[in-house]
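A short worksheet on the structure shown next.
The values are calculated or read from the model by the stated rules, or taken from the named source; none is laboratory data. Just so it is clear, the structure is predicted and the values come from calculations on it, not from any experiment. So basically every Cβ, Gly included, is an ideal-geometry build from the backbone, and we count neighbours across all protein chains shown. All accessible areas refer to the heavy atoms of the entire protein, side chains included, with ligands and DNA or RNA removed. Shrake-Rupley method; radii C 1.70, N 1.55, O 1.52, S 1.80 Å.
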Amino acid sequence: MGKVICAGLGPGDPDLMSVKSHRAITGARHIAYFRKAGRRGQARTIVEHLLPDTVQEHAMEYPVTTEIHFSDPEYNRLLSDFYDQWADRLEEIARTDDVVVLCEGDPFLYGSFMHLHSRLQARAEVDIIPGITGMSGCWTATDQPITWGDDVLTVAMATLSEDELTERARGTDALVVMKIGRNLPKLRRALQAAGKLDDAWLVERGTMPTQSVQKLTEVVGEVPYFSIVLVHGQGRRP
């Protein structure tokens, strides 16, 4: 009997991967990873130089990403079928061998693996290896603490409505906003309304060689979907 091992890869720099995840990946016989159709996938790129020559790869290609809005019933149907199929496949592999599923950041913080985890309960042994979160890598890239003293930190998705983004930003001390991309104009307006636009930073590809750190007010043009916007807390500084 094998098991399904979900290895948190950390924020992007392979050196920030845990020893346990590194050990699981370098000794793997089966590797599975999510990716957009036609793309290599960021998780696969991170482990490029770690995989054994004999490893068998299983690319889990999303049937849809941003082509359909997530509120569309068809979006949910397609992804539900996708996760059902891959839960079946991983269970099948785990009957005889271990399979390592790659997950950027930490698997239990907005990770796609959570949808497989819930489907694999009572069907296969599952081992989760936590990882440094992407947001942690990004706020470290700004060279500023994200929270001080008794600051309250809020994590929100830029896919929320403009009104809710405004309310969340106004009601917190420190803020992390994920899934930016085409939601940037809406997020700018929300931060402006909350009085926090001037304090916001945008980090792209945090901890990676192509990392970019900018004040949000200086950002021009489009940004990647997986960028992160940060507003640092001020707290009770000495």
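A few notes on this one:
- Here is what passes the span test in the chain: the DSSP H helices with alpha carbon length of 30 Å or more along the helix axis and a Kyte-Doolittle mean of -1.0 or above are 73-94.
- Structure-derived Kirkwood radius over Cα pairs in Å - corresponding label in (1) 17.6; (2) 18.1; (3) 19.0: (3)
- Antiparallel %, DSSP beta bridges [both residues in the chain], to 5: 35
- Part-to-part distance (alpha-carbon centres) for the stretch 11-44 and the stretch 132-210, which is given in Å: 26
- Of the solvent-accessible surface of the stretch 169-238, computed with a 1.4 Å probe over protein heavy atoms with every protein chain present, carbon and sulfur atoms account for 50 percent.
- By accessible area with a 1.4 Å probe, ligands and nucleic acids excluded, highest first: order of Val126, Val176, Val220: Val220, Val126, Val176
- Size of charge dipole - the stretch 62-160 - debye, nearest 20, with Cβ of Lys, Arg +1 and Asp, Glu -1, no other charges: 120
- Ranked order, Phe226, Phe70 - accessible area, probe 1.4 Å, largest first: Phe226, Phe70
- Per DSSP, loop GluC sites (Glu not before Pro) in the stretch 1-89 with at most 13 further Cβ within 10 Å: Glu48, Glu67
- Percent carbon-and-sulfur accessible area, the stretch 43-155, ignoring ligands, DNA and RNA, probe 1.4 Å: 49
- Summing Cβ point charges (Lys, Arg +1; Asp, Glu -1) relative to the Cα centre of the stretch 195-238 gives a dipole of roughly 280 debye.
- Placing +1 on each Lys and Arg Cβ and -1 on each Asp and Glu Cβ, with no other charges, gives the chain a dipole about its Cα centre of roughly 180 debye.
- Dipole of the chain, positive end: most advanced residue of Ala194, Tyr75, Ala122 [Cβ charges, Cα centre]: Ala194
- Rounded to the nearest 500, the 222 nm mean residue ellipticity of the chain from helices alone is -8500 deg cm²/dmol, with -39,500 (n - 2.57) taken per DSSP H run of at least 4 residues.
- DSSP-defined antiparallel bridges as percent of all bridges, the stretch 1-108, nearest 5: 5
- Gyration tensor verdict on the stretch 1-99 (Cα atoms; rounded if a/c is under 1.5, prolate if a/b is larger than b/c, oblate otherwise): oblate
- Cross-link reach list, lysines versus Lys215, counting only Cα pairs under 26 Å and skipping chain neighbours closer than eight places: Lys179, Lys186, Lys196
- Selection of trypsin sites (Lys or Arg not before Pro), the stretch 31-86, meeting DSSP coil and at most 12 other Cβ within 10 Å: Arg40
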